[in-house]
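Read the structure below first, then the notes.
The values are calculated or read from the model by the stated rules, or taken from the named source; none is laboratory data. Bear in mind the structure is a predicted one, so any value in this text is a computation, not a measurement. Neighbour counts are summed over all protein chains in view; Cβ atoms, including those assigned to glycine, are modelled from backbone coordinates with ideal geometry.
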Amino acid sequence: MIQKKTLGGIIFVSCYILIQTCSSKKEQQISIDKNTVIANEPIELTTTHIRHSDISSCTWYVGKKEVSRGTDLVFYKPSEEDAENFIRVLITLKDGTSYEDSVYFSTLPVMYIESEISYENVRKEEYTSAFMRLTGDKNYLPSELYHGKAEIHLRGNTTSELTKRPFKLKLEEKTNLLGLGETKHWVLLANAIDSTLLRNKLVYDFSGDIGADCHMNSENVTLIYNGEYQGVYQLCEQVRVGESSVNIFDWEDIANKIAKKISLDLKYEKQIMVEEQLLIETLLEEDLCSDFSWMKTHSYDFPSLKKLNETEDRDIQTNFNLENYINFDSLPDPTGGVLLEMDFYHKEDANLKTCYSLPIYYNEPFAGDTYSKLNAYIREQIQVLEYALHDTDFTYHNESPHYQVIGEGWFDWQDSFQQVGVKYKAIDFYSGVFDGVHYSELIDMDSLIVNFLVCEFTVNWDSMKNSVFLYKDIEGPFYISPAWDYDWAWGNSNFGLNTWDPKIWQTTDEFFANEEYYQTVQWNRYLIRDPYFLTLAYEKYWQIRDTVIEDLIRDSGKIDQYAEKLKLAADANDEKWGGSMGSYEGQKFDEGIDSLKSFMKQRVEWLDLQFASVETLRSSLGYYMVSDDLAVEPVDTISQKGMNVVTVHVLLPENECTEYPKSMSFQLNGTHFYTANVVDGTAKILIPDCDLREEKGALNTVQVRALDEKGEYMINPEGTVTGDYRNGISNYVCFLKDGVT
């Protein structure tokens, strides 16, 4: 959305009228007539019961500077240089009575919040009532602005402790603020540790531009809280289930509908008063959303109503047969409709914690673990996905050994600079639903690729550690999305350490895994062992390299465009807060933009070299160890019509010390498996064209693995850690249908 538009030398900007009257004669008033200030156009005044002969002076101020004074009601024509200031008019009558009115003149939309609670005292634990008004220029429709009640509370983890505070907003009704999406739930990101004020917005937009199924829309705004300027904030949808955010089936919406119907019944039966109905509806919804056991019993005894009866000596019905309010037979099978999150700040609440200690928990429905059928299905699929990623062929098998971490060890800062002392134990695990399922059938492959490229392009400190979201609809796989919390991206944290180095892999660098054991087993570290995944990542990188990425980093590209629009507002923010509050404390906007662009350009230059080919990518990442004992020929795509010949030669010596493979497994593009016997040191298969990828010019990937006489994978000690990951004696080849790569 455009924040500033130049048209014939006029800058259209936004403002808000804040009327402050200093008079006992309340029937007399004066106000600025317009909601929008336009440079070089006069600000008109509206008066009531004031005569020109009554006026002693009419004085205009821009900030603290007096810019105009007269003895009549005169207008003020603001200039472009007046932007990012309060413009105030003071009218003094001859009898000493005075009136004031002011607007904030900004190049951004302006959000005004009025509350009895001061800016510094808004709490995280509870909502505070407020009145909110959002104004914008003529590029916005009236329906995209707001004027009404709201609730506010503090949000964030470490950022909530800073003096520039991040907030969560809940509006009285759904509104499509600035065209970002229709919802009640919004966040105001302070971006206090990011001198550019842009990292989060750039990443959210970037993820959407490269194909994320879900990404968060946002715009920068100027915040005025209780009449005081608080700087530039990023107005963004909250990550939650909803049509404008994560658009999946909503179990909590079922609770809302039941609560609404019950509260209406209680009102009609005169068990509650009319004015209580909305409050009772909210309490009932909160009860139902905190305990989904009613999905099994179809009845519920509401704690909030029982408490109301006890405290107010009332006799409201508390127990209800919910079949009278919802047709349970019409509800879908509980195989999805979940938004999950991984975050170490909620390790104790990780009700979906995996066997490798990934602290995954329900974001929505918040109490998903109390819905037994839903919880059992989701827990099983998440664990199967994890085991598939740890398996030799990236496919879940009931017969494979399954492990659980029982000792997370510690990070060795002195010698190995990695996690040591980790202990695993073998456990029994069985899935009656997902046996033989490849990870790409459990979680969307495109979302994995997008997530990996976002993590690597940004070198974000928190990637795959905190604020990692997963969602799943009733049908279909999981998605790892949307990208969230990237203000530590592109070298913005821990200056002088690895996070500022543009020539490392975020996925494999041990420094990025020193805080928590589960970072050492984050999913990207297993995906990069799969040559099929690497092939898709390679293709995607070059699809976006000269388009989306280049448009970011080039001169006059997206970063420069964003920076130009934000410049005046960012300078005002710097004056208010003294620059960044993070590792680069005091860094100002201009320096931050230069640093950001410099890091990005160095990063892309290095990534270009690593992504030169699938093999350079594999070798650079270093996690998938190919075996010199297997040699795969270039794939013959021509000699046999409709077929592709894959030939592998076994170079293992046949002696008493080394087992010789009896057959070979061929895995095509993840989900297609073939087997061929080794005859005279060679195994060969024919792959039909119908099994190849359908996209024009798409690379196909075949991974070959040696099998022993029992038909089991022969293990390569290099790249294998018992309990963690078993690397087979394997190699791979990529090919195009119309020729060898």
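Figures for the structure shown
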quantity: Test: residue in segment 566-574 that is surrounded by fewer than 18 Cβ atoms within 10 Å (Cβ to Cβ) and in a helix (DSSP H, G or I); calculated: yes
quantity: Test: residue in segment 135-155 that is more than 30 Å from Ile38 (Cα to Cα) and aliphatic (A, V, I, L, M); calculated: yes
quantity: Residues satisfying the stated conditions in segment 520-565, i.e. touching a helix residue (DSSP H, G or I) at 6+ places or on another chain (Cβ under 7 Å), polar (S, T, N, Q) and surrounded by fewer than 22 Cβ atoms within 10 Å (Cβ to Cβ); calculated: Thr520
quantity: Filtered residue count, segment 400-432, keeping only those that are assigned to a loop (DSSP other than H, G, I, E, B), touching a residue at least 12 places away in the same chain (Cβ under 8 Å) and either loosely packed, with under 11 Cβ neighbours inside 10 Å or not β-branched (Val, Ile, Thr) (or both); calculated: 12
quantity: Options Ala706, Ala676, Ala683: the member that is under 41 Å from the mean Cα position of the chain (by Cα), at pLDDT 95 or above, assigned to a strand (DSSP E or B) and over 26 Å from Glu539 (Cβ atoms); calculated: Ala706
quantity: Filtered residue count, segment 602-652, keeping only those that are touching a Ser or Thr at 6+ places or on another chain (Cβ under 7 Å) and of a type in the set (Ser, Thr, Tyr); calculated: 3
quantity: Evaluation of Ile91 against (1) out of contact with any Cys (no Cβ under 7 Å at 6 or more places or on another chain); (2) surrounded by 22 or more Cβ atoms within 10 Å (Cβ to Cβ); (3) farther than 30 Å from Cys236 by Cβ (one fails), failing number; calculated: (1)
quantity: Matching residues in segment 316-339 - criterion: being farther than 30 Å from Ile382 by Cβ, without any contact (Cβ under 8 Å) to a residue 40 or more places away in the chain and in a loop (DSSP other than H, G, I, E, B); calculated: Thr318
quantity: Residue in segment 674-683 that is touching a residue at least 24 places away in the same chain (Cβ under 8 Å), among the small types (Gly, Ala, Ser) and surrounded by 13 or more Cβ atoms within 10 Å (Cβ to Cβ) present; calculated: yes
quantity: Selection within segment 379-409 - of a type in the set (Asp, Glu) and closer than 17 Å to Ser440 by Cβ; calculated: Glu386, Asp391, Asp393
quantity: Flag if Lys662 is more than 30 Å from Asp509 (Cα to Cα) and surrounded by fewer than 15 Cβ atoms within 10 Å (Cβ to Cβ); calculated: no
quantity: Wholly within segment 187-301, helices (runs of 4 or more DSSP H) carrying at least 2 residues that are farther than 26 Å from Ile480 by Cβ and either charged (D, E, K, R) or in contact (Cβ under 8 Å) with a residue 12 or more places away in the chain (or both); calculated: 251-268, 277-290, 294-297
